[in-house]
Amino acid sequence: MTYHQQLMEKYQIRKSRAQKDAFLAWAKENCEKLGYTCREDVHGKKRNTVNLVAGDPEKARVIYTAHYDTPARSPMPNKVFPQNFFFTLLVQMPLVLMILAPALGVGLLLEHLTGDPRMYALGFLPVYFGLFLLVMRGAANPHTANDNSSGTAALFQVMEMLPVEMRDQAAFIFFDNEEKGKVGSKAFAKSHPEIKEKGLIFNMDCIGDGKHILVLAPKNAEEQLLRQLNAAYKSEGDFQAVQCSAKEASYNSDQKSFKRGVAVGAFHKGRMGYFLSRIHTSRDVICEQANLDYVCKGAVEFIKQQ
């Protein structure tokens, strides 16, 4: 079985602490089988955020990352347009209205019934934040094939593919709580300021569905890094390598917690440009192993360029 198949069979939902800890036990076992030492990077008094680190990030030339936590189920279809912020916002508007409209209604009703304008806030705020938490941190999405079981499985695959003589040049971090605002990567970056400023991060998020592979370089990427990314990813067969910069595209994932963060994701292409769909919904059931093979092959080639 592939790593992704194993994840889908036993650890597809990784939202509660118990679910995450079960995954972490399996992940540690895999890391050790592959010859990597690993440790937990814990933040919060109650293990609120637990990253898993394999290898030595302080010495690594490249730090490969992916978030292992999985999201709440969204009641609305979800699409992301990395090169078109306007359409991304437009797609999110029904979800925003679903939260905003009831809160406004309750606030206005309470103000009308009491005749006291101050009561508006007492009606609006609890309903708004209650619905927000329900939508963003509610019931777990039962299907996570792409977001982000694809990136999580890819980390193990890159570990396995790296030549033995190169393994001390790489480190791997499975970040926790990306879905809650990149909490795990931000905490790691804060506690490792040298890596935050200078570490070369290679982040894989939602790489399983789509043949247009977005390779997003950091805003102020040096020419050498751009050449290395171009050398690592060439269009091949059905796959189209899409090279761009964070100056012209936005992909809200853990690489943004680091100055030299590279992101890789898989996208479809339509009339509105490149887009990512199905995530956070019951339709997140697609992850092509060919996608993982292509992305991981480029990830290994990238470290060879260093």
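The values are calculated or read from the model by the stated rules, or taken from the named source; none is laboratory data. The model shown is predicted, which means the values in this text are computed figures rather than measured ones. Don't worry about glycine lacking a Cβ; one is built from the backbone with ideal geometry, like all the others, and counts go over all protein chains shown. With ligands, DNA and RNA removed, areas are computed over all heavy atoms of the protein, side chains included. Shrake-Rupley method; radii C 1.70, N 1.55, O 1.52, S 1.80 Å.
Identify, from the list K15, K28, K79, K20, the residue that is over 19 Å from the mean Cα position of the chain (by Cα) and either surrounded by fewer than 18 Cβ atoms within 10 Å (Cβ to Cβ) or among the basic types (K, R) (or both). Walk me through how you get there before you give the answer.
Details: K15 fails: over 19 Å from the mean Cα position of the chain (by Cα); K79 fails: over 19 Å from the mean Cα position of the chain (by Cα); K20 fails: over 19 Å from the mean Cα position of the chain (by Cα).
Answer to the check: K28.
Quick one: count up the residues across the stretch 82-93 that are over 30 Å from Q306 (Cα atoms) and open to solvent by less than 60 Å² (accessible area, probe 1.4 Å). Please lay out each step first, then the result.
First, pick out the residues of the stretch 82-93 that are over 30 Å from Q306 (Cα atoms): 84-93.
Now drop any that are not open to solvent by less than 60 Å² (accessible area, probe 1.4 Å), which leaves 84, 87-88, 91-92.
Number of matching residues: 5.
So for the stretch 281-296 (the condition being surrounded by 15 or more Cβ atoms within 10 Å (Cβ to Cβ), among the aromatic types (F, W, Y) and touching a Pro at 6+ places or on another chain (Cβ under 8 Å)), does at least one residue qualify?
So far as the stretch 281-296 goes, no, none of its residues is surrounded by 15 or more Cβ atoms within 10 Å (Cβ to Cβ), among the aromatic types (F, W, Y) and touching a Pro at 6+ places or on another chain (Cβ under 8 Å).
Has the stretch 105-113 got at least one residue that is under 24 Å from S150 (Cα atoms) and either without any contact (Cβ under 8 Å) to a residue 40 or more places away in the chain or open to solvent by 60 Å² or more (accessible area, probe 1.4 Å) (or both)? Steps first, please.
As a first pass, look at the stretch 105-113 and keep what is under 24 Å from S150 (Cα atoms): none.
Taking every residue of the stretch 105-113 in turn, none turns out to be under 24 Å from S150 (Cα atoms) and either without any contact (Cβ under 8 Å) to a residue 40 or more places away in the chain or open to solvent by 60 Å² or more (accessible area, probe 1.4 Å) (or both).
Would you point out the residue of the stretch 124-164, among those that are among the hydroxyl-bearing types (S, T, Y) and either in a helix (DSSP H, G or I) or without any contact (Cβ under 8 Å) to a residue 24 or more places away in the chain (or both), that is farthest from L34 (Cα to Cα)? Walk me through it before giving the result.
So in the stretch 124-164, the residues among the hydroxyl-bearing types (S, T, Y) come out as 128, 144, 149-150, 152.
Filter once more, so that each one left must be either in a helix (DSSP H, G or I) or without any contact (Cβ under 8 Å) to a residue 24 or more places away in the chain (or both): 128, 149-150, 152.
On the way: Y128: 47, S149: 19, S150: 19, T152: 15 Å.
Among residues in the stretch 124-164 that are among the hydroxyl-bearing types (S, T, Y) and either in a helix (DSSP H, G or I) or without any contact (Cβ under 8 Å) to a residue 24 or more places away in the chain (or both), the one farthest from L34 (Cα to Cα) is Y128.
Give the residues of the stretch 1-39 that are touching a Leu at 6+ places or on another chain (Cβ under 9 Å) and assigned to a helix (DSSP H, G or I), sorted by residue number.
Across the stretch 1-39, the qualifying residues are Y3, H4, F23, L24, W26, A27, K28, C31.
Being β-branched (V, I, T), out of contact with any Pro (no Cβ under 6 Å at 6 or more places or on another chain), assigned to a helix (DSSP H, G or I) and under 24 Å from N252 (Cα atoms) is true for just one of V53, V91, V42. Which residue is that? So that I can check it myself, show each step before the final result.
Values: V53 fails: assigned to a helix (DSSP H, G or I); V42 fails: assigned to a helix (DSSP H, G or I).
Just one listed residue meets the conditions, V91.
Being within 26 Å of K28 (Cβ to Cβ), in contact with a strand residue (DSSP E or B) (Cβ under 8 Å, 6 or more places away or on another chain) and modelled with pLDDT of 85 or more is true for just one of V80, V53. Which residue is that? Before you say what the answer is, go through the steps one by one.
Details: V80 fails: within 26 Å of K28 (Cβ to Cβ).
The conditions single out V53.
Please list, ordered by residue number, the strands (runs of 3 or more DSSP E) wholly in the stretch 194-306 having 3 or more residues that are aliphatic (A, V, I, L, M), touching a Leu at 6+ places or on another chain (Cβ under 8 Å) and within 20 Å of H4 (Cβ to Cβ).
Values: elements: 200-204, 212-217, 240-245, 260-270, 273-277.
Result: 260-270.
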